[in-house]
Amino acid sequence: MASPVYFWNLRASMKAPYDQRIHRLLKRTGFAEHVAGGELAAVKIHFGERGVTGHVQPLMVRPILHELTRAGARPFLTDASTLYVGQRGEAVSHAMQAALHGYDPLLLGAPVIIADGLKGASQVALPVPGGKHFTEAFIAADIAEADLLVSINHLKGHELAGFGGALKNIGMGAASKQGKMQQHVTTGPLVDTAACKGCGACVGICSAQALALVEALALADALDPTPDHTSDHTSESTPEKPRQVIRLDSALCCGCGACFLACKHGGLTINWQTDVAAFLERMMEYAAALLLSRPKPSLHITFVTNVTPDCDCMGFSDAPICPDIGVLASLDPVAIDQAGIDLVNRAEPLWPSHLPLGLKAGQDKFLALRPSLPPAMGLDYAEVLGLGSRAYELVAL
């Protein structure tokens, strides 16, 4: 059965300015009927890495928060810490980054709360119904425990997932550090012994006791037991103190990701090499764990504007690949993602942009950017998990 996706094409007037259009758009979804007075509403959004300009701007968010408040909810803007170390790697820097991009509670009428705690370890384990990769998913606690969930999404390309929309914003974005680690990789971190300073900060933070400091020579012998006879062992010079480096026991590693934040020298890095199709399935299972556990429907709002070829995590916003199209709203995350992709593909391509020259309206822009991606980009598996329907009815205001 086709799910309704409500669409506003950005046309406005003196009698129907932006806030009035947003009011009409959200009213059509019927989400307000599910709101009881005083319920806490987690509004999941991407605040944008430093240097990004294409993310959803605060003044575009304000009328949405007003509608939630008018319906009786108590909204808060939220995201979870990134797995990589950057401006959003822990709660203090993340909240400051949100403030630098204008997400001010006095302006918007809702606070910013980083949902997985100070260092990304505050999480709730939720079951994954029907999952083939996971039986449970680690979700940022304040998002999992909120009474209501609203996702505000910026549709754009993504270097690994192909595109970012509602399911990417929820599946990856709402996961704790451990959850993000599970989705991205199936093993622990990569150890760079040349960069390691032997400070031991990561050892102290590793709850699984998978990390230990060892002498660099002993580690080299463990990795290559062939004796080295080229050095002069008869030298009478005073030997230097052996340098200590990190050793990882991958069998003990739980993939929590805490060591990335602890290491300040690049001795532990993320292994981004992964099977993309399997990654997309893992991400969809995380979205299923959060969305299917909720007793009430979730609302998804997608801005099909500034459709950049890369994620808002990149630290810059490249030229958009198509004109601004509009704003979508739906209670079905699969339908709204599919509708967003279809609208972008039907639009005229823009140049200069990262798109290959010669691409025509109607051709798949996201697959043109990253041809090795699975054609459905995970939405077929999201359907299998019961997250929604790729069949939709686009209802224009």
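The values are calculated or read from the model by the stated rules, or taken from the named source; none is laboratory data. As the structure is a prediction and not an experimental result, all values here were calculated from the model. Every residue, glycine as well, gets a Cβ built from its backbone with ideal geometry; the counts of neighbours run over all protein chains shown.
Quick look at the values:
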{"read-out": "Pairs with Cβ under 7 Å, 6+ apart, first in segment 357-377 and at positive phi, second part of a loop (DSSP other than H, G, I, E, B)", "value": "MET377/ALA161"}
{"read-out": "Residue check for TYR381: under 22 Å from the mean Cα position of the chain (by Cα), among the aromatic types (Phe, Trp, Tyr) and either under 30 Å from ALA32 (Cα atoms) or buried (at least 17 other Cβ atoms within 10 Å of the Cβ) (or both)", "value": "yes"}
{"read-out": "Any hit, segment 168-177, residues being surrounded by fewer than 19 Cβ atoms within 10 Å (Cβ to Cβ) and not polar (S, T, N, Q)", "value": "no"}
{"read-out": "Count of residues meeting criterion [surrounded by fewer than 17 Cβ atoms within 10 Å (Cβ to Cβ) and either modelled with pLDDT of 95 or more or basic (Lys, Arg) (or both)] in segment 289-317", "value": "5"}
{"read-out": "Among (1) under 23 Å from ALA140 (Cβ atoms); (2) modelled with pLDDT under 75; (3) not polar (S, T, N, Q) - the single one GLU281 does not satisfy", "value": "(2)"}
{"read-out": "Failed criterion for HIS55 (all others in (1) in a loop (DSSP other than H, G, I, E, B); (2) farther than 22 Å from PHE138 by Cβ; (3) in contact with a helix residue (DSSP H, G or I) (Cβ under 6 Å, 6 or more places away or on another chain) hold)", "value": "(3)"}
{"read-out": "Listing of helices (runs of 4 or more DSSP H) fully contained in segment 278-397 that carry 1 or more residues being in contact with a Pro (Cβ under 9 Å, 6 or more places away or on another chain) and within 23 Å of ALA41 (Cα to Cα)", "value": "333-346"}
{"read-out": "Hey, PRO333 within 30 Å of SER250 (Cβ to Cβ), assigned by TED's automatic domain parsing to the domain that holds ASP142 and touching a Gly at 6+ places or on another chain (Cβ under 9 Å) or not", "value": "no"}
{"read-out": "Residue check, LEU118 among the aliphatic types (A, V, I, L, M), touching a helix residue (DSSP H, G or I) at 6+ places or on another chain (Cβ under 8 Å) and surrounded by fewer than 18 Cβ atoms within 10 Å (Cβ to Cβ)", "value": "yes"}
{"read-out": "Residue check for GLU49: on the phi < 0 side of the Ramachandran plot, at pLDDT below 95 and acidic (Asp, Glu)", "value": "yes"}
{"read-out": "Subset tally (residues that are surrounded by fewer than 21 Cβ atoms within 10 Å (Cβ to Cβ), within 17 Å of the chain's Cα centre (by Cα) and β-branched (Val, Ile, Thr)) for segment 76-112", "value": "1"}
{"read-out": "Residue match in segment 124-134 (condition: basic (Lys, Arg), closer than 26 Å to CYS263 by Cβ and touching a residue at least 60 places away in the same chain (Cβ under 8 Å))", "value": "no"}
{"read-out": "Residues located in segment 100-109, provided they are part of a helix (DSSP H, G or I) and either more than 16 Å from GLY315 (Cα to Cα) or among the aromatic types (Phe, Trp, Tyr) (or both)", "value": "PRO105, LEU106, LEU107, LEU108"}
{"read-out": "Some residue of segment 339-361 being touching an Asp or Glu at 6+ places or on another chain (Cβ under 6 Å) and within 15 Å of PRO4 (Cβ to Cβ)", "value": "no"}
{"read-out": "Any hit, segment 68-75, residues being of a type in the set (Ser, Thr, Tyr), more than 19 Å from LYS180 (Cβ to Cβ) and either assigned to a strand (DSSP E or B) or in contact (Cβ under 8 Å) with a residue 40 or more places away in the chain (or both)", "value": "yes"}
{"read-out": "Qualifying residue in segment 58-81 (condition: out of contact with any helix residue (DSSP H, G or I) (no Cβ under 9 Å at 6 or more places or on another chain), on the phi > 0 side of the Ramachandran plot and assigned by TED's automatic domain parsing to the domain that holds PHE316)", "value": "no"}
{"read-out": "Lone qualifier among ASP337, ASP324 - being of a type in the set (D, E, K, R) and either under 24 Å from GLY131 (Cα atoms) or under 22 Å from the mean Cα position of the chain (by Cα) (or both)", "value": "ASP337"}
{"read-out": "Condition met for HIS184 (at pLDDT below 95 and in contact with a Cys (Cβ under 8 Å, 6 or more places away or on another chain))", "value": "no"}
{"read-out": "Qualifying residue in segment 79-95 (condition: at pLDDT 95 or above and under 25 Å from LEU331 (Cα atoms))", "value": "yes"}
{"read-out": "Residue in segment 33-62 that is farthest from the chain's Cα centre (by Cα), counting only those that are buried (at least 19 other Cβ atoms within 10 Å of the Cβ) and under 19 Å from GLY326 (Cα atoms)", "value": "VAL61"}
{"read-out": "Residue check for VAL334: within 20 Å of LEU10 (Cβ to Cβ), surrounded by 17 or more Cβ atoms within 10 Å (Cβ to Cβ) and either in contact with a strand residue (DSSP E or B) (Cβ under 7 Å, 6 or more places away or on another chain) or touching a residue at least 40 places away in the same chain (Cβ under 8 Å) (or both)", "value": "no"}
